[in-house]
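Okay, structure first, notes after.
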Amino acid sequence: PKRILSGAQPTGQLHLGNYLGAVRNWVSEQRQYDSYFCVVDLHALTVPQEAAELRAATRRTAALYLACGIDPERSTVFVQSHVSAHTELTWLFNCLTPINWLERMIQFKEKAIKLGEEVGIGLFDYPVLQAADILLYEPHLVPVGEDQRQHLELTRDIARRFNDRYGESLRVPEMLIRKEGARVMSLQDGSSKMSKSDPSDLSRLNLLDAPEKLRDKIKRAKSDAVMGLQFDPARPECTNLLTIYQLLSGESPEAVEARFADAGFGRFKPILADLVIEYLRPIRERYDAIAGESGYLEGILREGALRASKVAGLTLERIRDRMGLLPPF
Ligand code: TYM
């Protein structure tokens, strides 16, 4: 079967953007593909983290994958730092990647502006580590949200450069970006994406937020004064809330527009809040069950690391050989 790989950073919590842009598609895709889902803790380290919180967030993120419906019988769920091939391949790729490819990265430039003097080499090198994550597993497809497009292009460029220099040996993966949900926007600003790093928690709906909190955030979400709700690029906040409604309800965009054509936000927001709360309820319940079952998550991550290491180890061995490293005796 064809293979897919994807991952999310363990910073804060997964939010509805991560879910609609990525995790939801992983769940539906895992039936047809040999699937690898990684918690990328080494990527989280590229900006300052508190050690205890990083550990907790790593567990939380893995447990959320499962709570969202990733089936550990079908899919390999693992923690990036448990598979040392990721860091080793990063070095090998560093020696192949021109600095100016990384200087072009939009996410690096945005984060670097915020961090100023604190910008580490790891942050600069972030996309090379991501290329290693991906190419080690030789996936056919990488399901991600829209914001990962540039990183995926870089991964493809690194694979091509490797093949040019050392002979065809790495699969150049395709990105899978489903149009719907690929870019969920902030509740506070329809022109910026919903993000784990937004300082305002009101900007995002976290998968583990309590029902009252979800209701409050939706109530306080930015809206506009136009009567009647439509998908309209000139009304980004309205479009974003309707999109969330549409994706969670499973109705067609036309049906959603027809239903709320005469409604204002005052009527729509409580309906949306009910929908979000009911949609996330089983996820939160499964999360609580997983978090409460001592040893369960650890077992899955141990098994996942073993399976992932096997696949990654074979690819790494081939790459080391192609690059001329002497095999260990
Ligand atoms: P991260 O942790 O920021 O996000 C995880 C996934 O969620 C998607 N996403 C969104 N989709 C729609 N709307 C949003 N507002 C939104 N915010 C986030 C992201 O596109 C992503 O698919 N660099 C990656 C992690 C990574 C990775 C990888 C991904 C490391 N190695 C290898 C794929 C393959 C990141 O920071 O994702």
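The values are calculated or read from the model by the stated rules, or taken from the named source; none is laboratory data. Source: prediction; values computed, not measured. Quick reminder, even Gly has a Cβ in these numbers, built from the backbone with ideal geometry, and neighbours come from all protein chains shown. Surface accessibility is based on the protein's heavy atoms, side chains included, excluding ligands, DNA and RNA. Shrake-Rupley method; radii C 1.70, N 1.55, O 1.52, S 1.80 Å.
Of note:
- Residue satisfying condition, being assigned to a helix (DSSP H, G or I), touching a Pro at 6+ places or on another chain (Cβ under 8 Å) and either assigned by TED's automatic domain parsing to the domain that holds Asn25 or surrounded by fewer than 16 Cβ atoms within 10 Å (Cβ to Cβ) (or both), within set Leu115, Leu129, Leu89, Leu152: Leu152
- Restricting attention to the range 25-54, the residues that are within 10 Å of the ligand (Cβ to nearest atom) and either among the basic types (Lys, Arg) or open to solvent by 30 Å² or more (accessible area, probe 1.4 Å) (or both) add up to 1.
- Tally, over the range 61-92, of residues that are within 13 Å of the ligand (Cβ to nearest atom), farther than 21 Å from Lys310 by Cβ and not hydrophobic (A, V, I, L, M, F, W, C): 1
- Counted residues, the range 113-133 - those being farther than 13 Å from Trp91 by Cβ and either in contact with a His (Cβ under 9 Å, 6 or more places away or on another chain) or not hydrophobic (A, V, I, L, M, F, W, C) (or both): 9
- Number of residues in the range 132-149 that are under 13 Å from Arg178 (Cβ atoms), crowded, with 23+ Cβ neighbours inside 10 Å and more than 9 Å from the ligand (Cβ to nearest atom) equals 0.
- Test: residue in the range 155-164 that is buried (at least 16 other Cβ atoms within 10 Å of the Cβ) and small (Gly, Ala, Ser): yes
- Test: residue in the range 270-293 that is more than 24 Å from Leu5 (Cα to Cα), of a type in the set (Phe, Trp, Tyr), out of contact with any strand residue (DSSP E or B) (no Cβ under 6 Å at 6 or more places or on another chain) and open to solvent by 20 Å² or more (accessible area, probe 1.4 Å): yes
- Looking at Ser223, Ser203, just one residue is within 12 Å of the ligand (Cβ to nearest atom) and over 24 Å from Ile4 (Cα atoms), and that residue is Ser203.
- Some residue of the range 247-261 being within 24 Å of Asp71 (Cα to Cα), without any contact (Cβ under 8 Å) to a residue 12 or more places away in the chain and surrounded by fewer than 18 Cβ atoms within 10 Å (Cβ to Cβ): yes
- Contact annotation: residue pairs with Cβ atoms under 9 Å, 6 or more positions apart or on different chains, pairing a residue in the range 22-34 that is closer than 19 Å to Gly304 by Cα with a partner that is within 14 Å of the ligand (Cβ to nearest atom) and open to solvent by 20 Å² or more (accessible area, probe 1.4 Å), are Glu29/Leu141; Glu29/Leu176; Tyr33/Arg3; Tyr33/His140; Tyr33/Leu141; Asp34/Arg3.
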